[in-house]
Amino acid sequence: MKLGQAVRRRPAPPAEQVTQLENRLGCPLLARVYAARGVVVDELGYATERLLPPNTLLGIDAATALAAQVLTGGGRLLVVADYDADGAAGCALAVRGLRALGATAVDYLVPSRFSTGYGLSVEVAEATLARRPDLVITVDNGIASLDGIERLRAANIPVIVTDHHLPGEQLPAADAIVNPRLPGDAFPSKHLAGVGVVFYLLLALRGRLRGAGWFGSERPEPNLARLLDLVALGTVADVVPLDYNNRLLVAQGLARLNAGGGQPGVRALLGLAAPGPLVTAGDLAFRAGPRLNAAGRMDDMSLGIECLLTDDPSAAADMAAQLDALNQDRRAVEAQMQLQATAQMAALPEPLPAALCLHDADWHPGVVGIIAARLRERYGRPAVAFAPTDDGRWRGSARSLPGVHIRDALAAVAARHPGLVEKFGGHAMAAGLTLPGEHLPAFAATLAAAVLEQTGGVLPEDALLSDGSLDPALLTLALAERLHAAGPWGQGFAAPLFDDEFELRDMRVVGGDHLRLLLVPLAGGQPVPAIAWRAAALRDHLTPRLHVVYRPQVNAWRGERQLQLLVEGLTPV
């Protein structure tokens, strides 16, 4: 958190839209919040019947025809997944789903962040050939794997690519590609996570198999909705925009977890050994997601995938404990890297460049993405953090902010300076790249120029987007509970955020790096406890009167639930 971060209030939504929502919801504040995010009455509720059908996905017919042929013929299917949480959840979904559909030989392969790097590279293709598959299905990768897929095709191994990353100028020579971001793809939602694309492939494949008479009394048709907790986990962990279709997928996955269902591994990652409070998208984002991601960041994502594949709750709990230990290791490494990054930032002259590029020979390649995110959060700039690879190159992880499409910025750098970047890929808000070490200084300058070109020469503004002031009389546990249940909230569908002035009644540091505050609304009302994460460094700069940007939330602790404000911004008044 940085002191005095800019705040912009959302424009007032159309009054008629607010009224229509209020008539259905019975809550004027929630109606205003929903309307400000573009929600209409028809989007209230998340019934599975309202899920977008798969038939408009380009390539879905070719993919299901090939998959059905291999599956019904008893062929060997190999899933090649990414090593992040989306890839792991998508891999587990693919393996479980294909087996449920009747596949008798399904295996998976996940690359190593440290040795092979991202995607279906030539090296990964050689490892794939050693498994002797009859069909390869990529999950959360493949759209940029031209050479690796060419190697498989040369060996007469058919490939189905399922991916959601932006395609480059040239597509791989796969037998079928399913990616809603392909040029000409008519699928209405362009924001599916990798796990979401896999789910749609399974839905369409089930439909094809049903039409072929594959299912019967001895081979019943599976209910794929039972796997939606995996879809929810991967979707939330990958921080894709939560448009209506993604919110529906996440809401249905959460409903199954809250009804006592879901995969044992997902429940173990959440710590659901016994019934407790309702699981939210925030729990997936901040509890399960980091533990699962820790496997790919610190070691081998196979552990995370096995955790999601096991049907044994005891085995799932054991693997979740191992993943939690890896996550604790990741936190320790991150803390040291964060100190080094802060020291590097202190040495930079003002004004800061339009994009931040930091590197260190001792940095851990599995943690640079988190460092980039912390830099973006603290300094309000797109950021790239680099760590060295074993072959002398540097692998970077980029994080951006609204208004700067980081993958497009990397594409502009690559187009204007051929050879500067060896490879790259990603989304609007996150991307990865590899380059030679001697190119780091030139890359930093050209990326900053590409960002300024996107923003019209104006430095990016990392402003908090507020829903306005909140009447102190509404600062109640009941309101926090109502907003808590009105999600799923997340990227592109932010939880309600308000801004008001408060008196700072009390303050103390907790957990070494966080601030516990007691705030009193200046407009009147009772003192309210608040928490400001990673804000301890601001302690000596706060004044008795503060402009606070906050989210009302439920603080559940030792069986008790109370109102708490989650502080997102602080400005002395």
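Shape annotation for segment 479-573: C-alpha extents along the principal axes are 36, 29, 28 Å, from largest to smallest.
For segment 353-511, the fraction of C-alpha pairs more than 23 angstrom apart is 49%. Sorted from greatest to least, the principal axis extents spanned by the alpha carbons of segment 211-329 come out as 50, 33, 28 Å. Taking the Kirkwood radius as Rh and the Cα radius of gyration as Rg, segment 254-312 has a ratio of Rg/Rh equal to 0.97. The Rg/Rh ratio for segment 110-177 is 0.92, where Rg is the radius of gyration of the alpha carbons and Rh is the Kirkwood radius. Let me test this: with uniform point scatterers at the alpha carbons of segment 309-351, what is the Debye-based log₁₀ I(q)/I(0) at q = 0.23 1/Å? One equal scatterer on each Cα of segment 309-351 leads to -0.77.
Just to be sure I understand the curve: with the Debye formula and one point per C-alpha of segment 132-228, what is log10 I(q)/I(0) at q = 0.11, 0.12, 0.25 Å⁻¹? So the normalised log intensities work out to -0.39, -0.46, -1.26.
Taking every Cα-Cα distance in segment 1-123 and sorting them into 10 Å bins starting at zero, the pair-distance distribution P(r) comes out as 10, 21, 22, 19, 20, 8, 0 percent.
Helix screen, the chain: DSSP H segments with Cα axial length of 18 Å or more and mean Kyte-Doolittle hydropathy at least 0.5 are 85-100, 194-211, 440-454. Could you look at the chain and say what percent of its accessible area is carbon and sulfur, using a 1.4 Å probe and all protein chains? Exposed carbon and sulfur together represent 52 percent of the surface. As a check on your grasp of the helix formula, calculate [θ] at 222 nm for the chain: sum -39500 (n - 2.57) over DSSP H runs of n ≥ 4, divide by the residue count, round to the nearest 500. It comes out at -12000 deg cm²/dmol, rounded to the nearest 500. Were the residues from Val509 through Ala332 laid out at 0.36 nm apart, the gain over their Cα-Cα distance would be 61.8 nm. Given R0 = 30 Å, the distance between the Cβ atoms of Glu123 and Glu438 translates into a calculated FRET efficiency of 0.80. Expressed as a fraction of 2.2 N^0.38 Å, the C-alpha radius of gyration for segment 62-136 is 1.10.
Full extension of the chain between Glu501 and Arg50 yields a length gain of 158.2 nm, computed as 0.36 nm times the residue separation minus the alpha carbon distance. For segment 328-410, the spherically averaged projection of the C-alpha convex hull amounts to 5.9 nm².
One quarter of the convex hull surface built on the alpha carbon atoms of segment 145-192 amounts to 3.3 nm², the projected area averaged over directions. DSSP assigns beta bridges within the chain; of those with both partners inside it, close to 65 percent run antiparallel.
As a size descriptor, the averaged projected area of the C-alpha convex hull of segment 1-56 was calculated at 6.9 nm². Under Stokes-Einstein, with the Kirkwood radius over Cα pairs as Rh, the value for segment 427-522 at 37 °C and 0.692 mPa s is 179 µm²/s. Beyond 30 Å, the tail of the calculated P(r) for the chain holds 53 percent of the Cα pairs.
The values are calculated or read from the model by the stated rules, or taken from the named source; none is laboratory data. Just so it is clear, the structure is predicted and the values come from calculations on it, not from any experiment. Don't worry about glycine lacking a Cβ; one is built from the backbone with ideal geometry, like all the others, and counts go over all protein chains shown. Quick note on the areas: whole protein, heavy atoms, side chains included, nothing else; ligands and nucleic acids left out. Shrake-Rupley method; radii C 1.70, N 1.55, O 1.52, S 1.80 Å.
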